[in-house]
Amino acid sequence: MNTIVEATDLARFYKVSRGLFSEPGTVRALAGASFQVKAGETLAVVGESGCGKSTLARLITMIESPTGGHLRIDGNDISGATEDQKKLLRQTVQIVFQNPYGSLNPRQKIGTILEEPLVINTDMPADARRAKALDMLARVGLRPEHYGRYPHMFSGGQRQRIAVARALMMDPKIIVLDEPVSALDVSIQAQVLNLLADLQDEFGLTYIFISHDLSVVRFVADHVMVMYLGRPVETASVEEIFSHPRHPYTKALLSATPVADPKRKRDNIKLEGELPSPFDPPTGCAFHPRCAYADARCKRETPAMSKAGASEVFCFGVEEGRID
Ligand code: SF4
């Protein structure tokens, strides 16, 4: 399978005002992320709020531009792309947001919402647009009569199905799913996850699945990238992350995840303290103020990527063999 998304040292910094008499500060929302996603696979990006995962979503969907590094999408380096090239590339990448209540215009009928991307980006005739919208409604499990209804007439799960249908209207290759089931009842989450899996098979889609919850990504991801304060800390296959987490932060996230098999033992690591501000990140390893394994080197130096089995880990403790 070919690589469809490739990020190299990708960064997004923001200048923020610190008051009238002070120099502006810099928020390092994404401080250097390198990863690859193969076509047809799902990369889950997991971490607490503020870890940089939503910034990454905005860069991949080209809502914002990186301030450093490179991002190649479907073979095109977006750093050097013209606005016209980006406009075409944006059709390749679509996004489904967390909140199905906020992401659909309440004054538009579902048919209008679905057809809008085609009206803006293509010269497809009205009857063909309508046929495509009806086809997409069927593929996400909705009925033809839903075409003429308004968003408030649907449940949360149905609205998220509509958001998925809208994302599919431009025949994208990549869909960024930004916490797509977090706002839904647990009973509905599995249905939407199953639908996403079916659509991925049907259309050969590549997913970037953003989540704060490792348990949600377990059954949908091929690979998982755990992020902390704007940087990846561990990347591995989903099996490896769940069977042999290595970075202390991954272990802590997993400790907060329910275990299906009660006989299975897992290190119980409680995550103490708050995520530090990306405005003023800790020196050295950004996780050191919350890490039980931190030593003097961790406070001084930033760990580089090292291989541990099949995982890529950024941790001196793992690199030095202090952490299994
Ligand atoms: Fe903990 Fe040090 Fe590893 Fe950071 S580098 S996670 S502080 S052991």
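The values are calculated or read from the model by the stated rules, or taken from the named source; none is laboratory data. Quantities reported herein were computed from a predicted structural model and do not represent experimental measurements. Neighbour counts are summed over all protein chains in view; Cβ atoms, including those assigned to glycine, are modelled from backbone coordinates with ideal geometry. The area values use the complete protein model at the heavy-atom level, side chains included, leaving out ligands, DNA and RNA. Shrake-Rupley method; radii C 1.70, N 1.55, O 1.52, S 1.80 Å.
Taking a point 7 angstrom from the Cα of Thr3 along the C-beta vector, which residues in region 65-96 have backbone N less than 17 Å away? Answer for region 65-96: 69-80. Angle of helix 156-168 to the longest C-alpha principal axis of the chain, folded into 0 to 90 degrees and rounded to 10: 80°.
When you restrict to C-alpha pairs under 8 Å that are six or more residues apart and normalise by the size of region 170-324, the relative contact order lands at 18 percent. Spatially, region 142-214 and region 221-242 are offset by 23 Å when compared through their Cα centroids. The share of accessible area on region 106-164 that comes from carbon and sulfur is 52 percent, using a 1.4 angstrom probe.
Against the chain, whose longest principal axis is taken from its Cα atoms, helix 186-203 shows a tilt of about 70°. Could you work out the percent of alpha carbon pairs in region 193-243 separated by over 14 Å, rounded to a whole number? When all Cα pairs of region 193-243 are counted, 55 percent exceed 14 Å. Mean sequence separation of contacting Cα pairs (under 8 Å, at least six apart), scaled by the length of the chain, corresponds to a relative contact order of 20 percent.
Electrostatic tally near Ile63: other residues with Cβ closer than 15 Å to its Cβ, Lys and Arg +1, Asp and Glu -1, net +3. A viscosity of 0.890 mPa s and a temperature of 25 °C, combined with the Kirkwood radius over Cα pairs in Stokes-Einstein, give a translational diffusion coefficient for region 163-236 of 185 µm²/s. In terms of distances greater than 24 angstrom between alpha carbons, the cross-link table entries Lys87/Lys173; Lys38/Lys251; Lys86/Lys109; Lys173/Lys307; Lys53/Lys173; Lys15/Lys307 yield Lys38/Lys251; Lys86/Lys109; Lys173/Lys307; Lys15/Lys307.
Using a Förster distance of 51 angstrom, determine the FRET efficiency expected from the C-beta separation of Glu319 and Asp185, and round it to 0.05. Efficiency for this residue pair is about 0.75. Taking Cα atoms only, the orientation of helix 83-92 departs from the longest principal axis of the chain by about 80 degrees.
Based on protein heavy atoms only, the chain ends up with 48 Å² per residue of surface accessible to a 1.4 Å probe.
Taken over region 106-164, the alpha-carbon convex hull comes to 75 cubic angstrom per residue.
Under a Gaussian network description of the chain, with springs only between Cα atoms under 10 Å, the residue in Gly47, Gly157, Gly25 that fluctuates furthest is Gly25.
Kindly work out what percent of the DSSP beta bridges joining two residues of the chain are antiparallel, to the nearest 5. The antiparallel fraction comes to roughly 60 percent. The relative contact order of region 106-164 comes to 46 percent, based on Cα pairs under 8 Å that sit 6 or more residues apart. Here the Gaussian network model covers the chain, with springs between Cα atoms less than 10 Å apart; of Arg246, Arg143, Arg159, Arg143 fluctuates the most. The radius of gyration of the Cα set in the chain, together with its Dmax, comes out at 20.9, 67 angstrom.
Looking only at Leu88, Leu196, Leu137, which one moves most when the chain is put into a Gaussian network model with springs between Cα atoms under 10 Å? Ranking Leu88, Leu196, Leu137 by mean-square fluctuation puts Leu88 first.
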